[in-house]
Structure formats: structure tokens, C-alpha cells
Amino acid sequence: MCLSVLLGFIVTCPVLLRGSHLFPSSQVPLPVNSNLFAVNDVLGPIFPIPYNSSVLESIACSLRLGGMRFPGGTVANYWNITSGRYVRGCNVSSCTTYGPRIDNFPLGTFTLSNFLQGMGKDLTASVPLIDLNCLTLTETEALAQLDWLEICKSRECLIELSNELYLNSGDYVSRFPTATQYLSFIEPVVKEIRARYPMAKISLPASNIPTVLALAKGQKPSGRSGSWLVDLAKRRDLFDGITVHDYSLQDYYFKRLPKEVWPTLMAAFPEGVYQVRNNCS
């Protein structure tokens, strides 16, 4: 309910932005990319509700979503979109907690194709955002995921290649000690995407906002996330954009960034309207 209210508030009441500190009341607000008004879809991996549920379809319509990220974030690193289940042998908490529920449904219930025919079919005005598993699949299995991306032949798609691999998580570090190993693994996947789906845009997991800002200013970011980002920058040929994650909107983001980009930054966080109206000048 909270998520519905917040998203609906931001999407349906843009006039509130006119009176905020973002714009003088006499100016027309800058347009914000509608794809930012989206949600991270974990239906299937966490909430095993079949995508053809009429209730889910009505929710997607009423929220006027700009998009949905399938099949989610962290869970995408352990998910097989070709079977609609967690990968075999997975023993992280997501798999052990939610896997048994999913196994009660027929194989294939939570595949990408079923999502696009069910809840996802109402997102006709948005760009599909699909997060592929490049962590716990072999190269052959990772490439096999591309057979399910037929929707990307006729329209623009956003394709992520795994989630938050720059974090110091045990699985992430053991599989990809540095971004160099990750880039080597995904290179054939990227080439295949380019060849089969030229309209697709590819995004790689990068870091958080402070780390990205530090690198943009010529500073040397620290830690795994910092070195990961530096390595990614060396292979710009492999991606069209980066995925930047932060989980709360801090005042210093506004203080460090020009006002021209505030609308986009604000729209990326549900609490953004409150932050701008109350804490920024």
C-alpha cells in the first residue's frame, strides 16, 4: 500500500513540483523520463503469484507504471528465466526460503514469457527492463537466456547483466574477484545481444552514487566498488549505461549536483518529493 501511494503520488501529481524548490513557480517543470516511474518486480522469486492474476494486472494498470524490472535484483543473480525457478544447488537465503514455494507450481510458471503475456503485457508504453543472471549460470546457460528475449527484436529493451556484483558478498567475490573477470565472462553475451537484438541497451552493475560522483570528478574511489567502477570504465564498448544503486536520498546529493538534474534524481526515489520540498534550497 505504501509503495502504491508513493508512486501514485509522484506520477499523478506533477503539479506539486512547480511549487517546490526545484523550479520557480513561473517556470515549466523539466520533463522526467517516464521509465523512472517503475518498480523492482520480485513476483515469482519472492512472491509466487502467477503473472496472469487479474489482481496483479489491475495493479499494474492503476499504478500507471513506467516499467517493471524482471525478475528483480539480488534474486536475479540466482534465477533461471528459462525455467522460472532458482538455479539448481543454490543455498543462499532467497533460494532456501522461497524456492520450496515456487516448486509447488508447474515448471515454467514464472518465466519471462509468462510475465510478458500476463502482468507485463500492460506495460506497452514502457521499455522492458530484464536482469539476466551472469553470476550462477555457465556461459552456455547465460547465452541460452537470450533465446527468451524475442520481445527485444521489435522494440527497445533495457538489459542488465546481473545485480550489484561490486558488493563484498561471498558469492560475488569468489566468482568475480574483480570486474576484469566479470567483463571477460559477459563479453560473448554482450556480442550475442548486439547481433540478435540491435535495439537493446545494455547496463552493467556499477556502484552507488557517491562512488560514481567521485570518479566523475577525477578522484580515485576506494574499495571493491571503486576498483570495480574503474575497471568497467576501461571497457565502454561492452555497455550503454551503468546501474547505480542507492537506497535512500541524501541531502548532499542535491548539494553536489546541478539543479538541472534534480528532477531525475528526485524521481528515482519515492521519498524524493519530501526531501526536495523540505530540505533543499
- Task: Would you confirm whether any residue within the range 210-226 is touching a residue at least 60 places away in the same chain (Cβ under 8 Å) and over 16 Å from Ile159 (Cα atoms)?
- Result: no
When restricted to Ile193, Ile159, Ile151, the only residue out of contact with any Phe, Trp or Tyr (no Cβ under 6 Å at 6 or more places or on another chain), part of a strand (DSSP E or B), hydrophobic (A, V, I, L, M, F, W, C) and open to solvent by less than 50 Å² (accessible area, probe 1.4 Å) is Ile159
Taking the range 101-110 and keeping residues loosely packed, with under 11 Cβ neighbours inside 10 Å and in contact (Cβ under 8 Å) with a residue 24 or more places away in the chain leaves Asn104
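Any idea which residue in the range 112-140 is surrounded by the fewest Cβ atoms within 10 Å (Cβ to Cβ), counting only those that are modelled with pLDDT of 90 or more and of a type in the set (S, T, N, Q)? Outline the logic, then answer.
Within the range 112-140, the subset modelled with pLDDT of 90 or more is 130-140.
Those still in the list that are of a type in the set (S, T, N, Q) too: 133, 136, 138, 140.
Details: Asn133: 23, Thr136: 22, Thr138: 9, Thr140: 7.
So the residue we want is Thr140.
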So for the range 218-236 (the condition being modelled with pLDDT under 85, open to solvent by less than 30 Å² (accessible area, probe 1.4 Å) and not in a helix (DSSP H, G or I)), does at least one residue qualify? yes
Within the range 167-184, of all residues that are farther than 18 Å from Thr138 by Cβ and modelled with pLDDT under 95, the one surrounded by the most Cβ atoms within 10 Å (Cβ to Cβ) is Leu167
The number of residues in the range 53-82 that are open to solvent by 10 Å² or more (accessible area, probe 1.4 Å) and among the aromatic types (Phe, Trp, Tyr) is 1
Would you call Pro198 buried (at least 17 other Cβ atoms within 10 Å of the Cβ) and at pLDDT 90 or above?
no
Of the residues in the range 31-52 that are surrounded by fewer than 20 Cβ atoms within 10 Å (Cβ to Cβ) and more than 20 Å from Cys157 (Cα to Cα), the one that is modelled with the lowest pLDDT is Pro31
The residue that is surrounded by the fewest Cβ atoms within 10 Å (Cβ to Cβ), considering only those in the range 83-100 that are closer than 17 Å to Thr111 by Cα and in contact (Cβ under 8 Å) with a residue 12 or more places away in the chain, is Ser83
Apart from one, (1) at pLDDT below 90; (2) under 18 Å from the mean Cα position of the chain (by Cα) all hold for Asp240; the odd one out is (1)
| Is it true that some residue in the range 18-29 is of a type in the set (D, E, K, R) and at pLDDT 85 or above? | no
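So which of Tyr182, Tyr166 is of a type in the set (Phe, Trp, Tyr), in a loop (DSSP other than H, G, I, E, B) and more than 27 Å from Glu57 (Cβ to Cβ)? Walk me through it before giving the result.
Numbers: Tyr182 fails: in a loop (DSSP other than H, G, I, E, B).
After applying the criteria, what remains is Tyr166.
The values are calculated or read from the model by the stated rules, or taken from the named source; none is laboratory data. The structure displayed is predicted, hence computed values, not measured ones. Counting neighbours? That spans all protein chains shown, and the Cβs are built from the backbone with ideal geometry, glycine included. The protein model used for the area step is the full one, side chains on, heavy atoms only, and it has no ligands, DNA or RNA in it. Shrake-Rupley method; radii C 1.70, N 1.55, O 1.52, S 1.80 Å.
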